[in-house]
Amino acid sequence: MDFGQTERSRELLERLRTFIATEVTPLEQRIRAARSETPEQRRDVAAADLWSVSPEYRELQRKARDQGLWNLFLPDAELGAGLTNVEYAPLAEEMGRSPFASAVFNCDAPDTGNMEVLYHYGSEAQKQKWLRPLLDGEIRSAFCMTEPGVASSDATNMAATAVVDGDEVVLNGRKWWSTGIGHPDCRILIFMGLTDPDAHRYRRHSMVLVPIDTPGVEVERMLSTMGFYDEPGGHGEVSFTDVRLPLDAVIAGPGRGFEIAQGRLGPGRIHHCMRLVGLAEHALELACRRGLERTAFGKRLIDLGGNRERIADARIAINQLRLLVLNAAWLLDTQGLAGARSAVSEIKVAAPRVAQQVVDFAIQIHGGAGMSGDFPLAGAWTAARALRLADGPDEVHQGLVARFELAKYTEAVK
Ligand SMILES: Cc1cc2nc3c(=O)[nH]c(=O)nc-3n(C[C@H](O)[C@H](O)[C@H](O)COP(=O)(O)OP(=O)(O)OC[C@H]3O[C@@H](n4cnc5c(N)ncnc54)[C@H](O)[C@@H]3O)c2cc1C
């Protein structure tokens, strides 16, 4: 294992850290304060300012791009920063400390996963039309796989259809949890649909590029995650009714949907986990500061009950998690997804658990303030909790880890 950082990644980390501290954090604080000052806007989820992007934010993106802090996730040196996953890990961790940061650097989900799909599987024309503007941050995207009608932890279950009709493909069905679909810049959707029910179960589905303004596409409602709308991108339920597109909208040709879904989730999942290390770090920092500055019963909060042990346990858990994430990153770099499948599932289970536990402690030591919008903790807890489902529930990943483990001892285990 080699988790060593290069001079370039260290230098990028230093600049990223400064940029977040001097530019992103102050804006985040201003946005948080403005929201808590206008509770009527918080209640009205359709309020334009929740689902819009401020000029200040766009200016920040422009500055980040000018400084070369842009598309850091993409291993391609021409289109992205050309970093390995091991090099990207500390940068993503730094971004994970703030819910706003990764989008400033064009490194946010679901766009990173969608850009990787286009990068690896897209035709030249698809890349030109959709990858280029995504890389430039001019547009954003959503990934429409999960359906309300079927258990979507099993990707082969998807029942929405993508039927080839001559030189067109016709889409019908209902998707939900389409993250990012509420963003004002969302222009392109990646839709997974059933093309050939008689084919091998891994060759039945296709992925189709759907411009959001295509007739028949309807965003029916925005879903909340435990009361949070995660605006301005949010998560939508969307119906597709006789949506007709030219056949060249199918990514890599009909029947490749399952394969693309599997490929997309390697880097996408690992980026989420890298950010969760940062989220847990930030929560621990807030817990320590709060515990040191307040007193109750004549003692600092940190000296009450088992709080010191909890801090030690959090530090140990975060350090373990970081090494586990770096291990998965190194395996992805050196052996590709085939050699990293168990490792990616291991961190997919471990990272949200650790983050959820650390944030929970931080909420507790903040008392009532921890549950309020004055601190980022309630949102952070919800984000960590959601990631025990998003990109596949814990149990599916545990099943995969167990399968790899047992396969060491018997060929019969599949
Ligand atoms: C915040 C958030 C964002 C999301 N973003 C997106 C997105 O952008 N695009 C998208 O397509 N989807 C997205 N999802 C959906 C997510 O990927 C699915 O919710 C997830 O894959 C589970 O599918 P399901 O909800 O249909 O649960 P089901 O498949 O119905 O599973 C329910 C439960 O059954 C149990 N279970 C399932 N399989 C197994 C098993 N093999 N072993 C043991 N127990 C099992 C688990 O406890 C599981 O949680 C998002 C979800 C959330 C919460």
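Side notes on the structure shown:
- Using the rule -39500 (n - 2.57) for each DSSP H run of four or more residues, divided by the residues of the chain, the 222 nm mean residue ellipticity is -15500 deg cm²/dmol.
- Selected from G82, I181, T334, residue furthest toward positive end of dipole (the chain; charges at beta carbon): T334
- Solvent exposure of the stretch 140-255, expressed per residue, is 42 Å² of accessible area, with all protein chains present and a 1.4 angstrom probe.
- Residue among A287, Q398, A384 farthest towards the positive dipole end of the stretch 259-407, charges placed on Cβ: A287
- Gain on full stretching of the segment that runs from Y409 to N157 - 0.36 nm per residue minus C-alpha separation: 87.7 nm
- With a Förster radius of 56 Å applied to the beta-carbon distance between R62 and K299, the computed FRET efficiency rounds to 0.70.
- What you get for the chain, charging only the Cβ of Lys and Arg (+1) and of Asp and Glu (-1), is a dipole of about 1100 debye around the Cα centre.
- Enclosing the Cα atoms of the stretch 234-309 in their convex hull gives a volume equal to 174 cubic angstrom per residue.
- Sites D213 and F3 - FRET efficiency at Förster radius 45 Å, r taken between beta-carbons, to 0.05: 0.50
- Kirkwood hydrodynamic radius (C-alpha pairs) into Stokes-Einstein, the stretch 297-393, 4 °C and 1.567 mPa s, D in µm²/s: 86 µm²/s
- Scaled against the 2.2 N^0.38 Å expected of a compact globular protein of N residues, the Cα radius of gyration of the chain reads 1.00.
- Between Q364 and D167, the modelled labels are 6.5 nm apart [label points 7 Å from Cα along Cα→Cβ].
- The charge dipole of the stretch 259-407, taken about its Cα centre with unit charges on the Cβ of Lys, Arg, Asp and Glu (plus for the first two, minus for the last two), comes to roughly 260 debye.
- Computed magnitude of the charge dipole of the stretch 227-321 (debye, nearest 20; Cβ of K, R +1, Cβ of D, E -1): 500 debye
- Positive-end residue of S153, I316, L13, charge dipole of the chain with Cβ unit charges: I316
- Between R308 and H200, the FRET efficiency from the beta-carbon distance, with R0 = 41 Å, is close to 0.15.
- Amide H partners (placed H, <5 Å) of T179, local residues excluded: F143, G236
- Listed residues A33, A249, A162, most fluctuating in the chain (Gaussian network, C-alpha, under 10 Å): A33
- With all protein chains kept in place, the per residue accessible area of the stretch 266-414 amounts to 48 square angstrom at a probe of 1.4 angstrom.
- Surface composition of the chain: carbon plus sulfur atoms contribute 53% of the solvent-accessible area (1.4 Å probe, protein chains only, all chains present).
- Sequence-separation-based contact order of the chain, relative, with Cα cut under 8 Å and 6+ spacing, percent: 15 percent
- Between A362, A296, A142, the Gaussian network model of the chain with springs among Cα atoms under 10 angstrom shows the greatest mean-square fluctuation at A296.
- Over all other residues within a Cβ to Cβ distance under 15 Å of G278, the charged ones net out to -1, with Lys and Arg as +1 and Asp and Glu as -1.
- Percentage relative contact order, the stretch 144-303, counting C-alpha pairs under 8 Å, at least six apart: 23 percent
- The phi-based Karplus calculation (6.51 cos²θ - 1.76 cosθ + 1.60; θ = phi - 60°) puts the 3J(HN,Hα) values of the stretch 3-9 at 9, x, 9, 8, 4, 5, 5 Hz, whole numbers, x for Gly and Pro.
- A simple count of charges around H397, restricted to other residues whose Cβ falls under 12 Å of its Cβ and scoring Lys, Arg +1 and Asp, Glu -1, yields +2.
- Taking the chain as a Gaussian network of alpha-carbon nodes connected by springs under 10 Å, the highest mean-square fluctuation of the residues D136, D360, D111 belongs to D136.
- Sequence-separation-based contact order of the stretch 259-407, relative, with Cα cut under 8 Å and 6+ spacing, percent: 29 percent
The values are calculated or read from the model by the stated rules, or taken from the named source; none is laboratory data. What you see is a predicted model, and the numbers here were worked out from it, not measured in a lab. For neighbour counting, all protein chains shown are included, and Cβ atoms are generated from backbone atoms with ideal geometry for every residue, glycine included. With ligands, DNA and RNA removed, areas are computed over all heavy atoms of the protein, side chains included. Shrake-Rupley method; radii C 1.70, N 1.55, O 1.52, S 1.80 Å.
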